[in-house]
Number of protein chains: 2
Amino acid sequence: MPASPDRDCAMFQRIEPVPAYRTVCDAIEKQIMTGRLGAGDPLPTETELAEQFGLARHTVREGLRILEESGLVGREAGRRLFVKAPHYSDLAPRASRALVMQRVTFEELWEVSMSLEPSAAARAAARIDAEQIAQLEENYRHMEEERAAGRSIIALDVEFHTLVAEIAANKALLLAREPISQLFYPALAKLFAHPLNCETGPRRLAQAHRRIIDALKAHDAGQAELWMRRHMVDFRRGYELCSFNLKDAIAFEGA
Amino acid sequence: MPASPDRDCAMFQRIEPVPAYRTVCDAIEKQIMTGRLGAGDPLPTETELAEQFGLARHTVREGLRILEESGLVGREAGRRLFVKAPHYSDLAPRASRALVMQRVTFEELWEVSMSLEPSAAARAAARIDAEQIAQLEENYRHMEEERAAGRSIIALDVEFHTLVAEIAANKALLLAREPISQLFYPALAKLFAHPLNCETGPRRLAQAHRRIIDALKAHDAGQAELWMRRHMVDFRRGYELCSFNLKDAIAFEGA
DNA sequence: CATGTTGATTTGTTGGACAATGGAACATTT
DNA sequence: AAATGTTCCATTGTCCAACAAATCAACATG
């Protein structure tokens, strides 16, 4: 083995001290992941945990804050903490912010969406039911209403795509696409603020949604995928038409 | 508007009390997202923060734990906290665990990977450089070594795919695929534990990697995508061959 | 120049305390 | 009887004061 990197010679790995609050967090997490604590179970009270761990309540609390943030525990109507399965909506905001901080570009987001959205539509076509069709129609109706009133349809567009993904019923897909989907909000805002697009943009967008819904209703996976793809391509073209740079970082959308 | 849902009539939204530690977290997060605190900047000390916020140090600490967990701040060689841009490797473990708890199936993971991995390979082919080729070759060499020695190549397989994704240099893609990629670890372990696959599985896997690397070296996006797709299909077929149920939940991989 | 020593700074942890909130059980009002 | 007020207890949110342990920098020592 020639040119073996010298780090192979490093005999010892970096050793970092583990604060007690992290151990608390890990211990509880382990109980959850191994199923000894299941979703819906209430956590012991802070004082009980402190006793069991032999630590001060403050220390335990810091561990709980971490667990809470990672979505493994949450409050269900009241103060008490309950174990829960983290929902994609818990994790998406952090991921979105991470992407913004990494100065992700429109092009990067678009590329991934180009991979995920059409296949999501195809999958949705195969398993959509009446109630879900109604949801999509309601979204469409609402969008036309807002559009006629000259109000923003951005939130409704993001919702439409999330609805399609939920109909596709793939938990990994939902988790993967949501952070990206959220970031189209500022991108669309920028797009529709441009005089070239403030009128035609929303109209074309609604038309595409119409086509997609129709394909889904007909359980036509091919058409659904096709129209979703066209919809995405159209989005990108609009961006270029306004001579926005695809490689600019996505702007931060404040709370 | 017929059949307006009665929740539209609810005059007031749910109002939930915001504990001070969350306000702390939000305040600091805002400073980061608006750029007043940039990556690499040190945070004020806990006592300073406590003074500025007019809160007790421990309350501030709970807020810091949340920020730390979400990856916006971290320790860089020492105790002091620094602002940083969250890396996908910070967020992936949480997401993976979320998927496990939601009882994600092999089929779901596979479907998303089937959308992401081939296009990642195609994109990687367009921009791979000499050093990156060397990394892939090193990974391949190492894999053959381990395979010959009868040791597990699973970690190296996961690493291979992450390498390809990093070469594709799409930050959104990296973030989206990593949690899923991590979950193939237990799936592969299960697969290679089966007598039908413990020999042929790793061999076919290494062969596919060989083809992919060659395509990448030739900057042939089409071939890279094609072989990656075949590689994924092969993976699934192996799973079916062992008569594993594609709809079984992925097992938890303990620390 | 590598290795102690010292001291100031900062984080990790503890203890005890109290206010505020939620929930349940019960009393009161209409 | 249904809605509203009262009481009490368990639990969480917050504070104050303090100490142990680790880090860093400067300096002293061999």
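The values are calculated or read from the model by the stated rules, or taken from the named source; none is laboratory data. On a predicted model such as this, the values are computed, not experimentally measured, just so you know. Note: ideal-geometry Cβ built from the backbone for every residue, glycine included; neighbour counts use all protein chains shown. When the accessible area is computed, the model is the full protein with side chains, heavy atoms only, and any ligands, DNA or RNA have been set aside. Shrake-Rupley method; radii C 1.70, N 1.55, O 1.52, S 1.80 Å.
Would chain B count as rounded, prolate or oblate if I go by the C-alpha gyration tensor, calling it rounded below 1.5 in a/c and otherwise prolate when a/b exceeds b/c, oblate otherwise?
Since a/c reaches 1.5 and a/b is larger than b/c, the shape of chain B is classed as prolate.
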- Item | 5 angstrom amide H check on A:Ala39, placed H, neighbours 5+ away | none
- Normalised by the residues of chain B, what does the relative contact order come to in percent, with Cα pairs under 8 Å and at least six apart? 22
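Given all pairs of different Cα atoms, what value in angstroms does the Kirkwood hydrodynamic radius of segment B:186-255 take? Don't skip to the answer; put the middle values down first.
Working: mean 1/r = 0.0757 Å⁻¹.
After inverting the mean inverse Cα-Cα distance, the result is 13.2 Å.
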- If one puts a single equal scatterer on every Cα of the protein assembly as shown and applies the Debye formula without solvent, what log₁₀ I(q)/I(0) results at q = 0.11 Å⁻¹? -1.11
- Note on the structure: Under the rule rounded for a/c under 1.5, else prolate if a/b exceeds b/c, else oblate, using alpha carbon gyration tensor axes a ≥ b ≥ c, segment A:89-241 is classed as oblate
- For label points placed 7 Å from Cα toward Cβ, what is the shortest-first list of nm distances from B:Pro17 to its copies? 3.5
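Out of segment A:167-255, which trypsin sites (Lys or Arg not before Pro) are coil in DSSP terms and have no more than 13 other C-beta atoms within 10 Å? Don't jump to the answer; show the numbers that get you there.
Numbers: sites: A:Lys171, A:Arg177, A:Lys190, A:Arg203, A:Arg204, A:Arg210, A:Arg211, A:Lys217, A:Arg229, A:Arg230, A:Arg236, A:Arg237, A:Lys247; in loops: A:Lys247.
The qualifying sites are A:Lys247.
Considering every residue in A:92-98, what mean count of other chain Cβ atoms within 10 Å of its Cβ is obtained? Working shown, then result.
On the way: counts 1, 1, 9, 12, 1, 8, 11.
Other-chain Cβ atoms within 10 Å of each residue's Cβ, averaged: 6.
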- Message: Leaving out ligands, DNA and RNA, and with a 1.4 Å probe, what % of the accessible surface on chain A is carbon or sulfur?
- Response: 53
- Heavy atoms of A:Tyr185 accessible to a 1.4 Å probe, total area in Å² rounded to 10: 80
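Return the average number of partner chain Cβ atoms within 10 angstrom of each residue Cβ along peptide B:24-35.
Working: counts 0, 2, 1, 0, 0, 2, 2, 0, 2, 7, 2, 2.
Mean shielding by partner chains, rounded to a whole number: 2.
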- Query: Amide H to amide H, which residues 5 or more places from A:Leu81 or on other chains are under 5 Å from it, using H placed in the peptide plane?
  - Reply: A:Leu43
- Query: Using alpha carbons only, how many degrees (0 to 90, rounded to 10) separate the axis of helix A:200-217 from the longest principal axis of chain A?
  - Reply: 80
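Which chymotrypsin sites (Phe, Trp or Tyr not before Pro) from segment B:7-70 combine a DSSP loop assignment with at most 14 other Cβ atoms within 10 Å? Kindly include the intermediate steps, with their values, before the conclusion.
Values: sites: B:Phe12, B:Tyr21, B:Phe53; in loops: B:Phe12.
The qualifying sites are B:Phe12.
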- Note on the structure: The answer for the net charge of residues other than B:Ala120 whose Cβ lies under 13 angstrom from its Cβ, with Lys and Arg +1 and Asp and Glu -1, is -1
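Can you tell me the accessible area per residue over segment B:20-83, all protein chains present, probe 1.4 angstrom, in square angstrom? Don't skip to the answer; put the middle values down first.
Details: 3050 Å² over 64 residues.
That works out to 48 Å² for each residue.
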- Query: Which aspartates and glutamates have a Cα lying under 13 Å from the Cα of B:Lys190, excluding residues fewer than 8 positions away in the same chain?
  - Reply: B:Glu240, B:Asp248, B:Glu253
- Message: Please list 3J(HN,Hα) in residue order for segment A:231-237, calculated via the Karplus relation 6.51 cos²θ - 1.76 cosθ + 1.60 where θ = phi - 60°; whole Hz, with x for glycine and proline.
- Response: 4, 5, 4, 4, 4, 5, 4
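DSSP loop (so not H, G, I, E, B), at most 15 other Cβ within 10 Å: list which trypsin sites (Lys or Arg not before Pro) in segment B:115-155 pass both filters.
Values: sites: B:Arg123, B:Arg127, B:Arg141, B:Arg147, B:Arg151; in loops: B:Arg151.
Filter output for segment B:115-155: B:Arg151.
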- Comparing A:Gln31, A:Gln52, A:Gln13, which has the greatest mean-square fluctuation in the GNM of chain A with Cα pairs linked when under 10 Å apart? A:Gln13
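Under the classification rounded if a/c is under 1.5, otherwise prolate if a/b is larger than b/c and oblate if not, where does segment A:1-153 fall, given a ≥ b ≥ c as square roots of the Cα gyration tensor eigenvalues? Show your work: numbers first, answer last.
On the way: a/c = 2.47, a/b = 1.38, b/c = 1.79.
Oblate, because a/c is 1.5 or more while a/b does not exceed b/c.
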- Using θ = phi - 60° and the Karplus relation 6.51 cos²θ - 1.76 cosθ + 1.60, list the HN-Hα couplings for segment B:11-19 in order, rounded to whole Hz, with x at every Gly or Pro. 7, 10, 7, 4, 10, 10, x, 9, x
- Note on the structure: Distances in nm between the label point of A:Thr45 (7 Å along Cα→Cβ) and its equivalents in the other copies, shortest first, are 3.6
- Radius ratio Rg over Rh of segment B:161-210, counting only Cα atoms, Kirkwood formula for Rh: 1.08
- Task: Pull up the cross-link candidates among the lysines for B:Lys84, meaning alpha carbon to alpha carbon under 24 Å and not fewer than 8 places away within one chain.
- Result: A:Lys247, B:Lys30, B:Lys171
- Item | Helix B:154-168 axis, angle to chain B major axis (alpha carbon atoms, nearest 10°) | 70
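Just want to confirm a number: the relative contact order over segment A:132-215, from Cα pairs under 8 angstrom separated by 6+ residues, in percent.
Values: 44 pairs, mean separation 29.3, N = 84.
RCO, segment A:132-215: 35 percent.
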- Considering chain B as a Gaussian network with a 10 Å cut-off on Cα pairs, which listed residue, B:Ala187, B:Ala218, B:Ala206, attains the greatest mean-square fluctuation? B:Ala218
- Message: Compute the helix-to-body angle for A:88-101: its Cα long axis versus the longest principal axis of chain A, expressed 0 to 90° and rounded to tens.
- Response: 80
- Message: Which one, B:Asp41, B:Asp90, B:Asp157, has the greatest fluctuation when you compute a Gaussian network model over chain B with C-alpha springs under 10 angstrom?
- Response: B:Asp41
